[in-house]
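None of the figures in this text is laboratory data; all of them are computed from the coordinates on show. Keep in mind the model is a prediction, meaning the values are calculated, not measured. Note: ideal-geometry Cβ built from the backbone for every residue, glycine included; neighbour counts use all protein chains shown.
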Amino acid sequence: MTETSKIRNHMLGRDEEDMGDLEFEERGMRSKILFKSYNFELSLRFIFACFWVRLKGGNPSHTLVKHDMNSQFFLDSANNCMLASSPIIRRQQLLIRSLCRYQNRNHMAETKPEDAIAADAEQFIRRITPSLDPNRHKGQAGKIAVIGGCREYTGAPYFAAISALKIGADLSHVFCTKDAGTVIKSYSPELIVHPVLEESYSVRDDEKVSVSRTVLAEVAKWMERFDCIVVGPGLGRDPFLLDCVREIMKLARESSVPLVIDGDGLFLVTDNLDLVRGYPLAVLTPNVNEYKRLIQKVLDCEVNDQEAVQQLLSLASWIDGPTILRKGKGDLISDGDAFVLVNNDGSPRRCGGQGDILSGSVAVFSSWARQKASALNEDPSNSVQNPMVLGCMAGAVLLRKAAALAFANKKRATLTTDIIECLGMSLEKICPASSGQT
Ligand SMILES: NC(=O)C1=CN([C@@H]2O[C@H](COP(=O)(O)OP(=O)(O)OC[C@H]3O[C@@H](n4cnc5c(N)ncnc54)[C@H](OP(=O)(O)O)[C@@H]3O)[C@@H](O)[C@H]2O)[C@@H](O)CC1
Ligand SMILES: Nc1ncnc2c1ncn2[C@@H]1O[C@H](COP(=O)(O)OP(=O)(O)OP(=O)(O)O)[C@@H](O)[C@H]1O
Ligand SMILES: [Mg+2]
C-alpha cells in the first residue's frame, strides 16, 4: 500500500462522507503529497494522519497542506511541521500584508513604495560592496564562472561573465563548448574561456562515458576556486551536454559552491529538482516561460498572477532552500521565508540578454553578501539576512538602474551591450569608488 493510500485510509476513519471537499493528489517525486482543503479541521486531520503514517515507518519527504488562502502547513523531510502560527508562516503573512499595504498606499499616491524599497536596496549595496583597498589581492573581490555557450548562443554567457567583471569581480571564467570558445574569446580578452563542453553531435556513443569524465575533471580542477557559478546562459538543450552539466552541478553542491541557475540551466533543473532541492546556496532566476514550467512541474498548476506572492512563497517552500527570483515587470524574490519586490525604473526595451546581465550580477552580489556576512559573523541560517536573497535584490536593482540609464541615452536603439556599459556608472551613483567604505 502506498504512503498516500495509508494516509487516506487513516483519515477516512469511520465517517467517509466528511471527505467531501478534499482534493488529494499523490505526486511523483519522492512521494510528495499535496492536500488542499477549505476545511480547517480536515487539514489538521491530514497532518495528524501524516504523522501517524510516518510513525509507522512511511516517509513522504515533503507534504504540503493548503487550507484556503490564509493558512498553509508544510511538513518537511525531518517531519517538522510548520503550522500557521509558526514564525515562518507569520513572517510570510506579514510580508504579504506589507506588500498589500504598499500597493494600497501607492494607489492613494501617498508614497512611492518602489522608491523606499530601492533606497533600502541601495543602502544594502553600499554595505556589501568591497572597498577598493590597495591591500586586497586579486580574487578577493570575487571569482565567478559561467557554464554556458554553445553553437547557437555565444552572446548569453558573454553578457553574464562580462557583467560580473564590470560590477567588480576580479576574475570571470566561461566553460563552454568547443565551437563557442573562440567566438567568446574574441568578444573580450578579459574573460578566461575553457572550451571543454561537448555536444552529442561531436561525440560517438562509445566515447560518451570517457568524454563525460574528462569534462567533469576539467571543471573539477577549478571548482573550489569559484565564489559562485552561473549555470545556463546560452547552454542549449543538447541531452549529452545537459548530462555533463548535471554532474558538474552535483560536484558544485558537494563542494558548497553557490549556484545561480538561469536559462537552459533552469530547463535542466526543472526536470531534475533534486539538483537544488534543500540547497540554500542556489538561486533560480526564471523568466516568464521558465517560471511557468517550474510552477507546472512543482505545484502542478498554472501561474496565478492574482496570487503571485503566495504562489512564489509556495514554490520556494516546495523547493526548500533555493532563492527564486521571478523576473518581470517587477522582480519578485523569495527563499520561501523572506519576500522582496524590486520594481525601480528599468528600460521599456525588452531586448534579449538582460536576464544574462542579471545572472552575472546576482552571482557577484551574493558572493559579496556572503563574504560580508562571514566577516561580521552573521548567522547564515537566518533567512532575513539570507545573502542569496540580498544578492538577488542588489542585482535586480542595479540591472534596472543601468537599463534605465542606457534607455535615457539610446532610446529605441538600446541594446544589452549598452546596458552593460551603464553598470559601472549606475553602481558609482550608489556606491562611489572613492567612498572608501568597508
Ligand atoms: N544573445 C544570446 O546569445 C542570447 C541567448 N539567450 C539564451 O537563449 C536560450 C533560450 O532562452 P530564452 O530566454 O530565449 O528562452 P525562453 O524565453 O524560455 O524560450 C522562448 C521560446 O523558445 C523555446 N526554446 C528555447 N530554447 C529552445 C531549444 N533549445 N529548443 C526548442 N525550443 C526552445 C521555448 O520553448 P519551451 O521552453 O517552452 O520548450 C520558448 O517557447 C538560453 O540559453 C538563453 O540563455 C538569451 O539569454 C538571450 C540572449
Ligand atoms: N516589463 C518589464 N519592465 C521593466 N523591466 C523588466 C520588465 N521585464 C523584465 N524586466 C527586467 O529585465 C530583467 C530580465 O528579464 P527577462 O524577462 O527579459 O529575462 P530573460 O528572458 O531571461 O532575458 P534573456 O533574454 O537574457 O534570457 C528582469 O530581471 C527585470 O529587471
Ligand atoms: Mg534568460
Completion exercise
In debye to the nearest 20, the charge dipole size for segment 237-372, taken about the Cα centre with +1 at each Lys and Arg Cβ and -1 at each Asp and Glu Cβ, equals 300
Practice task
Tally the DSSP beta bridges in segment 252-400 and give the antiparallel ones as a percent, rounded to 5.
Solution key: 60
Problem - Peptide ranges 339-348, 395-404 listed from the most packed, as the mean C-beta count within 10 angstrom indicates - result: 395-404, 339-348
Practice task
With a point put 7 Å past each Cα toward its Cβ, work out how far I192 is from E224 in nm, to one decimal.
Solution key: 1.6
Handout entry: Note, ³J(HN,Hα) from phi for segment 121-134, Karplus 6.51, -1.76, 1.60, rounded to Hz, x at Gly and Pro
Key = 5, 5, 4, 5, 4, 4, 5, 9, 5, x, 6, 8, 8, x
Problem - Descending Cα extents along the principal axes, segment 127-241, whole Å - result: 52, 25, 22
Completion exercise
Computed ³J(HN,Hα) along segment 396-406: with the Karplus parameters 6.51/-1.76/1.60, θ = phi - 60°, integer Hz and x for glycine or proline, the list is 5, 4, 5, 4, 5, 5, 5, 5, 5, 5, 4
Fill in the blank from the handout: Per principal axis, largest first, the Cα atoms of segment 209-265 extend in Å by 27, 26, 14
Completion exercise
The long-range amide H neighbours of G321, using H built 1.01 Å from N in the peptide plane and a cut-off of under 5 Å, are G278
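Around K185, with a cut-off of 13 angstrom between Cβ atoms, what is the net charge of the other residues, counting Lys and Arg +1 and Asp and Glu -1? Could you put the intermediate results ahead of the total?
Details: positive: K178; negative: D179, E190.
Neighbour charge sum, excluding K185 itself: -1.
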Handout entry: Diffusion constant of segment 122-192 at 20 °C, which comes from Stokes-Einstein with the Kirkwood Cα-pair radius and 1.002 mPa s, µm²/s
Key = 163
Exercise for the section: Mind listing the long-range amide H neighbours of V231? Cut-off is under 5 Å, sequence gap 5 or more, other chains count too, H placed in the peptide plane at 1.01 Å from N. Expected result: I147, V260, I261, D262
